[in-house]
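Engineer: Here it is, the structure, as structure tokens.
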Amino acid sequence: MKSKMPFPLSKEKSFYESLNDWIGDTLYDDLTEKGFECRDEQIFMAFQIEQALKEKQVLFAEAGVGTGKTIAYLLPAIAYARYTGRPALISCADETLIDQLVKEDGDIKKVGEALDLDIDVRLAKARDQYLCLKRLEETGDTSAEEYIEWIEDSLPEFVHGNASLQSISPYGERSDFPDLSDEQWKTVNFHPIQQCAACDVRNRCGQTIHRNHYREAVEIIICSHDFYMEHIWTKESRKRQGQLPLLPEVSMIVFDEGHLLEYSAQRALTYEVQNSTLLNLLERIMVDGIREHTLQLMERLIDTHEAFFTMLDAFSEATDNERKALEKTEELLEIGKEAVRLSTELLEEFVFEGELFIIPEYDLKMVEEYLDQYIYSMGLFTSQNDAVDWLEDRKGEATLVIMPRLVTDILKEKLFSSKTPIVFSSATLSVGKDFSYLADGLGIENFISFSVDSPFDYDEVMKVYAADVTAGEKAERALELLADGEQTLILFKSEKSMNRFKEQVPAGWQDRIAFEGDRELSSLVRDFQQKQVPVLCSYHLWEGLDIPQDALTRVIIYDLPLPPSDPLFDAKRKHAEDPYREVDVPFMLLRLRQGAGRLIRTSEDSGTIHLFLEENDQKIKAEIEGIFPVDIQTIK
């Protein structure tokens, strides 16, 4: 059902003419009277989005910090959704930024109150952001950890069957459990091997309830880039299986921090094979009464799979981060093909096992689905294709990762060939006002674009200092700066770099510094904003973090965010004429501009940025200096 239009429509004017008038009246007059700043850059951006809607175009909207980008795209999105009767979709860089967008003192809430608009905003989070009742039960059976009992006690009554399903309400999001560490959450959240379609508690599952809730949205749906890309890749296959797509049809799309979309698209097409998952699943169905031939096949597959991973480790080579490069020898490929052959034969045997009803239906379905994915993934690895693959050690769990080198053609076909208006919004979409780096990576051939600078007078409110340091001096230099207790965000290029710093922090400082991963990230951000902790360390918050005024007055760039030397970026470099200029520098400059943009969020903000530059960073110092709105002062 359509919501009431925020402005009247008439036969004398088209919708777009009326929208243009309403945007002008709202931004120049209505919001200004309610205490909002009147920003020419914001008004220009809103008018450009109105034009993109009219022409059904892709728009690159690059607007500097302080433009008020959220309000600039929110007003056209609300009106267009109500006009078309289909929700507008806002896609954010990650799950944490979703919570930032809908926080109590955020722009959506403020605009709704100022304009007396009841804005229907619904969140569509990635599946791993929801509690899985099956995994909670399984973990509880094998663990005596107190957090399991605490989660169980916090669940609504209807989950346990103690209340009518008529009283159900959404529950079970990651943000509902802020005190859990990321490692604890990963023991109870949704995992891709779970089979929701065959689950006996599906109608009481928080993920199912959330899905039903946002699919009924009529105005605004907010999700992450990763989840939207998963929706794109799985849409047709879910329809073939008689399932609804993850997201409903939408009227328009806004990619907030849209420069990160390519990496989300690649992640969504990634296939993973873990060392222990196959063994654990097959052991679940080795029950009494199973046929001898089936049992022998499972044992042969387990032995072959374990030999494959032993050989993977032998032919892997460490890189700058957790990704290990692989040498695909003939011997390794042959044992991988044998695992595929055994898996295919085993799937055929499961047809007969299913007819005997010896193996529990849910467990058998889970193993069959996993083997389908296993066969496809291992087939990609052992075939001569253009995929990029590597080995990771994830907390002791060896994981083979297979990722397509390029997603350009698939995105062009499945997303950018439609007539849906698409807006990319960010302070960093271009390199020197040239948008080709982003457009080429996404397969976008036709687009309109603009770039406007920030309205802030940076000379008055920001100072940037560069310190020449060795890798061994970084932690000491950071701790010297932090001694004054100033509200500080420290940005690292990777989790590994952050953890190295964490190991060097004195024990007496632990309650003064919050590290990403210790608890749910949005709860750490909230504590930092409320000054309950003076230092926040993160490797993800280069984008989207919005903490104004004296809650954040210093940003330390601990590492320059150059892309690592790993299989993924090495593949991009191999297909570039000048890898340094075409891959490394553009990636680093975009991310560095984003990190620096965390400091000045409003006209009342001020503070300092500290760059730690190692000897190898000196060769790109000129490029670095060009992205800051003020001169860099070198300090010893």
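The values are calculated or read from the model by the stated rules, or taken from the named source; none is laboratory data. Note that the structure is a prediction, hence the values are computed from the model and not measured. Ideal geometry is used to build each Cβ from the backbone, glycine not excepted, and the neighbour counts take in all protein chains shown. Calculation scope for accessible area: heavy atoms of the full protein, side chains included, ligands and nucleic acids excluded. Shrake-Rupley method; radii C 1.70, N 1.55, O 1.52, S 1.80 Å.
Engineer: Scan segment 223-246 and give yes if some residue there is in contact with a helix residue (DSSP H, G or I) (Cβ under 8 Å, 6 or more places away or on another chain), in a strand (DSSP E or B) and touching a residue at least 24 places away in the same chain (Cβ under 8 Å), otherwise no.
Structural biologist: Looking through segment 223-246, at least one residue is in contact with a helix residue (DSSP H, G or I) (Cβ under 8 Å, 6 or more places away or on another chain), in a strand (DSSP E or B) and touching a residue at least 24 places away in the same chain (Cβ under 8 Å).
Engineer: Criterion first (open to solvent by less than 10 Å² (accessible area, probe 1.4 Å) and among the hydrophobic types (A, V, I, L, M, F, W, C)) does A114 satisfy it?
Structural biologist: Working: open to solvent by less than 10 Å² (accessible area, probe 1.4 Å): no; among the hydrophobic types (A, V, I, L, M, F, W, C): yes.
Criteria not met by A114.
Engineer: Suppose we keep only residues that are surrounded by fewer than 24 Cβ atoms within 10 Å (Cβ to Cβ) and polar (S, T, N, Q) within segment 52-81. Which one would you say is nearest to S454 (Cα to Cα)?
Structural biologist: For segment 52-81, the residue satisfying everything is T70.
Engineer: Among the residues of segment 371-389 satisfying the criterion of being modelled with pLDDT under 85 and hydrophobic (A, V, I, L, M, F, W, C), which is surrounded by the most Cβ atoms within 10 Å (Cβ to Cβ)?
Structural biologist: That would be V388.
Engineer: Could you grab me the full set of residues in segment 429-465 that are open to solvent by 20 Å² or more (accessible area, probe 1.4 Å) and on the phi > 0 side of the Ramachandran plot?
Structural biologist: Pass one, segment 429-465, residues open to solvent by 20 Å² or more (accessible area, probe 1.4 Å): 431-434, 436-437, 440, 445-449, 451-461, 463, 465.
Within segment 429-465, G432, K433 qualify.
Engineer: Looking at segment 304-351 only, could you name the residues that are of a type in the set (K, R) and assigned to a helix (DSSP H, G or I)?
Structural biologist: The first filter runs over segment 304-351 and keeps only residues of a type in the set (K, R), leaving 323-324, 328, 337, 341.
Scanning segment 304-351 gives K337, R341.
Engineer: Among the candidates S18, S14, S10, which residue alone is more than 26 Å from L590 (Cα to Cα), touching a Pro at 6+ places or on another chain (Cβ under 8 Å) and without any contact (Cβ under 8 Å) to a residue 12 or more places away in the chain?
Structural biologist: Working: S14 fails: touching a Pro at 6+ places or on another chain (Cβ under 8 Å); S10 fails: touching a Pro at 6+ places or on another chain (Cβ under 8 Å).
Checking each option against the conditions leaves just S18.
Engineer: While we're looking at this one, here's another question. So, in segment 441-470, exactly how many residues are modelled with pLDDT of 85 or more, farther than 18 Å from R598 by Cβ and within 30 Å of the chain's Cα centre (by Cα)?
Structural biologist: Of the residues in segment 441-470, 11 are modelled with pLDDT of 85 or more, farther than 18 Å from R598 by Cβ and within 30 Å of the chain's Cα centre (by Cα).
Engineer: For R323, work out the one condition from (1) farther than 30 Å from M498 by Cβ; (2) at pLDDT below 95 it doesn't fulfil.
Structural biologist: The number of the failed condition is (1).
Engineer: Look at segment 419-428 and say how many of its residues are open to solvent by 10 Å² or more (accessible area, probe 1.4 Å) and aliphatic (A, V, I, L, M). Before the answer, list the steps.
Structural biologist: Step one: list which residues in segment 419-428 are open to solvent by 10 Å² or more (accessible area, probe 1.4 Å), which gives 419-420, 427.
Subsequent filtering for residues that are aliphatic (A, V, I, L, M) retains 427.
Total meeting the criteria: 1.
Engineer: Which members of segment 43-62 meet the condition of being farther than 22 Å from D29 by Cα and touching a residue at least 60 places away in the same chain (Cβ under 8 Å)? Walk me through it before giving the result.
Structural biologist: Within segment 43-62, the subset farther than 22 Å from D29 by Cα is 52-62.
Within segment 43-62, A52, L53, E55, K56, Q57, V58, L59, F60, A61, E62 qualify.
Engineer: Is it fair to say I624 is open to solvent by 30 Å² or more (accessible area, probe 1.4 Å), closer than 19 Å to Y465 by Cα and among the hydrophobic types (A, V, I, L, M, F, W, C)?
Structural biologist: Details: open to solvent by 30 Å² or more (accessible area, probe 1.4 Å): no; closer than 19 Å to Y465 by Cα: yes; among the hydrophobic types (A, V, I, L, M, F, W, C): yes.
Answer is no for this residue.
Engineer: Filtering segment 589-609 down to residues that are in a strand (DSSP E or B) and open to solvent by less than 20 Å² (accessible area, probe 1.4 Å), which residue is farthest from I624 (Cα to Cα)?
Structural biologist: Here is the first cut: in segment 589-609, the ones in a strand (DSSP E or B) are 607-609.
So of that shortlist, the ones also open to solvent by less than 20 Å² (accessible area, probe 1.4 Å) come out as 607, 609.
Numbers: G607: 19, I609: 13 Å.
That would be G607.
Engineer: Among the residues of segment 261-276, are any at negative phi and more than 23 Å from the chain's Cα centre (by Cα)?
Structural biologist: At the first step, the residues of segment 261-276 found to be at negative phi are 261-276.
The next check asks that each one be more than 23 Å from the chain's Cα centre (by Cα); those that pass are 275-276.
Looking through segment 261-276, at least one residue is at negative phi and more than 23 Å from the chain's Cα centre (by Cα).
Engineer: Say we look at segment 323-376 and pick out the residues that are more than 13 Å from L278 (Cα to Cα) and of a type in the set (G, A, S); which of these is farthest from the chain's Cα centre (by Cα)?
Structural biologist: G354
Engineer: Restricting to segment 256-305, and then to whatever is of a type in the set (G, A, S) and crowded, with 17+ Cβ neighbours inside 10 Å, can you tell me which residue is nearest to R127 (Cα to Cα)? Steps first, answer last, please.
Structural biologist: Of the residues in segment 256-305, the ones of a type in the set (G, A, S) are 258, 264-265, 268, 276, 289.
Of the ones still in play, those that are also crowded, with 17+ Cβ neighbours inside 10 Å are 258, 264-265, 268.
Numbers: G258: 21, S264: 15, A265: 16, A268: 12 Å.
Once the filter is applied, the top-ranked residue is A268.
Engineer: Return only the number of the condition from (1) within 30 Å of I359 (Cα to Cα); (2) touching a Leu at 6+ places or on another chain (Cβ under 7 Å); (3) surrounded by 21 or more Cβ atoms within 10 Å (Cβ to Cβ) that Q207 does not satisfy.
Structural biologist: Single failed check for Q207: (2).
Engineer: Here's something else I'd like to know. Considering F628, F612, which residue is more than 29 Å from F177 (Cβ to Cβ) and at pLDDT 85 or above?
Structural biologist: Numbers: F628 fails: at pLDDT 85 or above.
Every option except F612 fails the conditions.
Engineer: With the condition kept exactly as written, say whether any residue in segment 537-551 is aliphatic (A, V, I, L, M), open to solvent by 10 Å² or more (accessible area, probe 1.4 Å) and within 20 Å of G597 (Cα to Cα). It would help to see each step written out before you state the result.
Structural biologist: Just the residues of segment 537-551 that are aliphatic (A, V, I, L, M), to begin with: 541, 545, 547, 551.
Still in the list and also open to solvent by 10 Å² or more (accessible area, probe 1.4 Å): none.
Looking for residues that are aliphatic (A, V, I, L, M), open to solvent by 10 Å² or more (accessible area, probe 1.4 Å) and within 20 Å of G597 (Cα to Cα), one finds none in segment 537-551, hence no.
Engineer: To continue, here is another question. So which residues in segment 537-579 are of a type outside the set (D, E, K, R), without any contact (Cβ under 8 Å) to a residue 40 or more places away in the chain and in a loop (DSSP other than H, G, I, E, B)? Full working, then the answer.
Structural biologist: Going residue by residue through segment 537-579, those that are of a type outside the set (D, E, K, R) are 537-542, 544-545, 547-549, 551-553, 555-558, 560-565, 567-569, 571, 575-576, 579.
Still in the running and without any contact (Cβ under 8 Å) to a residue 40 or more places away in the chain: 563, 569, 576, 579.
If the condition is that a residue be of a type outside the set (D, E, K, R), without any contact (Cβ under 8 Å) to a residue 40 or more places away in the chain and in a loop (DSSP other than H, G, I, E, B), then P563, A576 are the ones that fit.
Engineer: Output the number of the condition that C132 fails; it satisfies all remaining conditions of (1) in contact with a Cys (Cβ under 8 Å, 6 or more places away or on another chain); (2) more than 16 Å from R202 (Cα to Cα).
Structural biologist: Unmet condition: (2).
Engineer: Further question: Would you check which residues across segment 405-430 are among the polar types (S, T, N, Q) and without any contact (Cβ under 8 Å) to a residue 24 or more places away in the chain and list them?
Structural biologist: Initial filter on segment 405-430 (among the polar types (S, T, N, Q)): 408, 417-418, 420, 425-426, 428, 430.
Residues satisfying the conditions are S417, S418.
Engineer: Name the residues in segment 447-472 that are part of a helix (DSSP H, G or I) and closer than 21 Å to V585 by Cα, would you?
Structural biologist: Of segment 447-472, the ones part of a helix (DSSP H, G or I) are 458-461, 471-472.
Listed by number, the list holds a single entry, A471.
Engineer: Among I490, I444, which is in a loop (DSSP other than H, G, I, E, B), hydrophobic (A, V, I, L, M, F, W, C), touching a strand residue (DSSP E or B) at 6+ places or on another chain (Cβ under 6 Å) and touching a residue at least 40 places away in the same chain (Cβ under 8 Å)? Spell out the reasoning first.
Structural biologist: Values: I490 fails: in a loop (DSSP other than H, G, I, E, B).
The unique qualifying residue is I444.
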